[in-house]
Structure formats: structure tokens, C-alpha cells
Amino acid sequence: MTETVHYAAPGRINLIGEHTDYNQGFALPIALPERTEVTYRPDGGDAVVVRSADEAGEVTIPLDTARGAVRGWAAYVAGVVWALRDAGHSVPGGEMSISSGVEMGSGLASSAALECAALGALATAAGLSIGRVEQARLAQRAENEYVGAPTGLMDQLASLCGEPRHALLIDFLDDGVRPVPFDPAAAGVVLLLINSMAPHQHAGGEYAARRTACERAAADLGVTSLRDVQDRGEDALRGIADPVDARRARHVLTENRRVADVVAALGAGDYASVGRIFTASHASMRDDFEITTPHIDLIADTAVRAGALGARMTGGGFGGCVIALVAHERWTEVADAVRRAVAAAGHHAPSIALTEAGAGAGPSEMPNRA
Ligand code: GLA
């Protein structure tokens, strides 16, 4: 029987490229320094018994669990057990304990962190060697087919492939990942993570609705995905019957361009331009894709008015976090302005912290205490 395994996987911040992954477009996430830690003790049984430091009780996942049989937080682990076995891998039974360092429900991919940490632990215990892109696809199957959330592949790829001081340029046409230097500190700039603490309301249904609108727009244009019309620019939009679908598609096409523009600006060390493109992305998510909320808009607008180089919501939308790029000497001023504006509007106090790109998933030295 294998020894106890410790494995950890981070959450992510998407710098830019929102709702582009399931349209075979581009995104530019970083892995977060915060990680979900998993300890696995194989015992030769026929179930994975899982506990979390953040939840009461334990959940027993039979190795032959059927899609959707386990619900709630443990469903992400059950989904991984199911996806590994469905792909023909054998999974040893055992006891798993989880300690999540990634804030749940805040748009920082806590689900992907849990899936990737659990998958890494189970694969290590089973002696399997699975490439990172394949791991990401298995974790995505857990989420799509077991949990039932129709999400793309960005979060899992970011969690698995993250690198300190780098962002990841992902091309979802072939799921290729290219690390791009991202070190704002070297340019005297900080990346501010502003968590609105607003729960994702109706996030599941709205996410699926956006995905369907993009698929309808592609069907109107006679293509399989919006990526196929990327080079035709906004002219392509004329062939989309419904004006709302056309706006959804415009967000995707312009957002893909913004990803390329940010990569070029980073290459030139031009954080002022990166900031301006962030702000343009936020406007597109607000006006064309309609996935922001007045609370989130207030945070992003206030940050920019108070002197940030740019700010945008990150993640699936309808709450969650805003990121801002700010010259180091101005960040406390920007943070104070955001706190004041949010309080004056009667919202929850946000949590505001400096952050940076961290490493991707891997074996962990640090046993968790769940
Ligand atoms: C969620 C999904 C991702 C991606 C983003 C939006 O995080 O899990 O696949 O679609 O929303 O960019």
C-alpha cells in the first residue's frame, strides 16, 4: 500500500479573457499563492472517505459512484474519482482530508483547486502519471459531467500549470499553454485583489445562459465556435439574428483581441496600457456580456477614479472579485477609496490584498490538519 500523499493545488485569477474558454478563444490567468491542500491515506478499501476542515462530518464516496450521486462540496472529489475511473484508471480507496486556502464562491476557482488537488493526490497514490492537460480535462469532466456545471477549461489549466512571476497564455483551440512573464513588482506596480464578499447570485443559470447565447451566435454564423470568425472582426456580427446574442459574441471577439493586446503590452513592460485594457474589458463585461453587478461596477470604477491604472472583474461574474493594477505608491489610497465608496453604498466591507502569480499544483511538503 502506498504511503500517505500530500498534494496541493492553487486557485487562480484571470488577468483577462473572460468567458472565452468555451468559445475556443484566449485567456491569460495566473495561479494564486493560496492553495487547497489534500492529504490521502490509501487503505485498500472500496471507498474514498473525505473530510474537510471547513465542513462538518465526513462523506463516503464509493469507488463506483454514479454521476451526480454525491452532492455539495464533496461532489468535486466524487467527480474526480468518477472521471479517473471512467477514463480507465484504477483508484485506491482511502481517507482524504482537505483544507481549502482558496476562498469559496468568490470567483477564484476554489472548485478547480479542490478538483486538481484531489486528482493529484489520487493519481499519486495510484502511481499514475497523467500529463497536465489531460489532468485538467479529467477535472473539467468531473465538474461538467458529475457536478453538472457547464464550465470551460481555464480554471483547471491555470491551477495545474501556474508559475511564479508568469501568467499563462492559453489558446483553447488546442489547449496550448504558454507562460508569459508577469512581474508587476519589477515595474513598481502592484496587483490588488478586491473581494467584494458578494455571493454569486444565480451564477449557475446565468453562466449556462451566456454559453448558450454564444453557441446560438456561432450557429447563426454557420461555424462551430466563435473562434472561427475571430479574423473577420466585428463585421461577422451582422450575421447573428438576435441583437443580444450579437452583443454576447462582440464581447468574446473583442475580449480575445484584448488578451493579445495585454500580452503585447506586458512584453513592452507597459503596465499603463495593460491597465487601460483591463478597464475596457470590464466595460465589455458590463455592457455587452452583462455579467457584472452594480456593486462590482462601483468597486472597479472607484479604483480607476482613485488612480488605478485599470480594474476589472475577474472570473465567471455576478459577484466575486475585482483586480486592479496600481502604482505601488498609490495602492493604499485606492484601497481606502474603494472601502469608502462601498460603505457609502451600504455593501459589505470588501477584503483587499496585494497578490502575485504563484506556482501550479504539485506534491506538498505541508500536511494539512483537517
Ligand atoms: C468560470 C469557469 C471558467 C471560465 C470563467 C469565465 O471560472 O469555470 O471556465 O469560463 O468562469 O471566464
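Counting just the residues of segment 65-87 that are open to solvent by 10 Å² or more (accessible area, probe 1.4 Å) and over 18 Å from Asp46 (Cβ atoms), which one comes out nearest to the ligand (Cβ to nearest atom)?
Only one residue tops the list, namely Tyr76.
Quick one: is Ile194 open to solvent by less than 20 Å² (accessible area, probe 1.4 Å), within 14 Å of the ligand (Cβ to nearest atom), closer than 30 Å to Tyr271 by Cβ and not in a helix (DSSP H, G or I)?
no
I'd like to check something: does segment 101-109 contain any residue that is more than 16 Å from the ligand (Cβ to nearest atom) and either under 21 Å from Ser364 (Cβ atoms) or surrounded by 19 or more Cβ atoms within 10 Å (Cβ to Cβ) (or both)?
yes
Among Pro33, Pro62, which is under 30 Å from Ser281 (Cβ atoms), more than 16 Å from the ligand (Cβ to nearest atom) and either open to solvent by 10 Å² or more (accessible area, probe 1.4 Å) or not charged (D, E, K, R) (or both)?
Pro33
Under 6 Å between Cβ atoms, at least 6 apart or on separate chains: pull out the pairs that start in segment 128-140 with a residue that is assigned by TED's automatic domain parsing to the domain that holds Phe172 and among the charged types (D, E, K, R) and end on any residue that is open to solvent by less than 40 Å² (accessible area, probe 1.4 Å) and at pLDDT 95 or above.
Sorted first by the residue in segment 128-140, then by its partner, the pairs are Arg132/Leu160; Arg132/Cys161.
Can you name the residue in segment 303-317 that is part of a helix (DSSP H, G or I) and open to solvent by 10 Å² or more (accessible area, probe 1.4 Å) and, of all such residues, is nearest to the ligand (Cβ to nearest atom)?
Val304
Looking only at segment 150-158, decide whether some residue is part of a loop (DSSP other than H, G, I, E, B), touching a helix residue (DSSP H, G or I) at 6+ places or on another chain (Cβ under 7 Å) and among the polar types (S, T, N, Q).
Within segment 150-158, one or more residues are part of a loop (DSSP other than H, G, I, E, B), touching a helix residue (DSSP H, G or I) at 6+ places or on another chain (Cβ under 7 Å) and among the polar types (S, T, N, Q).
Collect the residues in segment 159-168 that are out of contact with any helix residue (DSSP H, G or I) (no Cβ under 6 Å at 6 or more places or on another chain) and either in a strand (DSSP E or B) or surrounded by 20 or more Cβ atoms within 10 Å (Cβ to Cβ) (or both), keeping them in residue-number order.
Listed by number, the residues that qualify are Gly162, Glu163, His166, Ala167.
Scanning segment 318-354 for residues that are out of contact with any His (no Cβ under 9 Å at 6 or more places or on another chain) and within 18 Å of Gly105 (Cα to Cα), which turns out surrounded by the fewest Cβ atoms within 10 Å (Cβ to Cβ)?
Ala349
Under 8 Å by Cβ, and 6 or more places apart or on different chains, what pairs join a residue from segment 341-367 that is without any contact (Cβ under 8 Å) to a residue 12 or more places away in the chain with one that is in a loop (DSSP other than H, G, I, E, B)?
Hits for this filter: Ala343/Ala349.
So is Thr292 open to solvent by 50 Å² or more (accessible area, probe 1.4 Å) and free of Cβ contacts under 8 Å to residues at least 40 places away in the same chain or not?
The answer is no for Thr292.
Which of (1) within 16 Å of the ligand (Cβ to nearest atom); (2) in contact with a strand residue (DSSP E or B) (Cβ under 9 Å, 6 or more places away or on another chain) does Pro92 not meet, given it meets every other one?
Of the numbered conditions (1) within 16 Å of the ligand (Cβ to nearest atom); (2) in contact with a strand residue (DSSP E or B) (Cβ under 9 Å, 6 or more places away or on another chain), the odd one out for Pro92 is (1).
Return the residues of segment 149-164 that are within 9 Å of the ligand (Cβ to nearest atom) and within 12 Å of the chain's Cα centre (by Cα); say none if nothing qualifies.
Answer for segment 149-164, where residues must be within 9 Å of the ligand (Cβ to nearest atom) and within 12 Å of the chain's Cα centre (by Cα): Thr151, Gly152, Leu153, Met154, Asp155, Gln156.
The values are calculated or read from the model by the stated rules, or taken from the named source; none is laboratory data. If you're wondering where the values come from, they're calculated on a predicted model, not measured in any experiment. Virtual Cβ from ideal backbone geometry, glycine too; neighbours counted across all protein chains shown. Accessible surface is based on the protein model in full, side chains and every heavy atom, while ligands, DNA and RNA are left aside. Shrake-Rupley method; radii C 1.70, N 1.55, O 1.52, S 1.80 Å.
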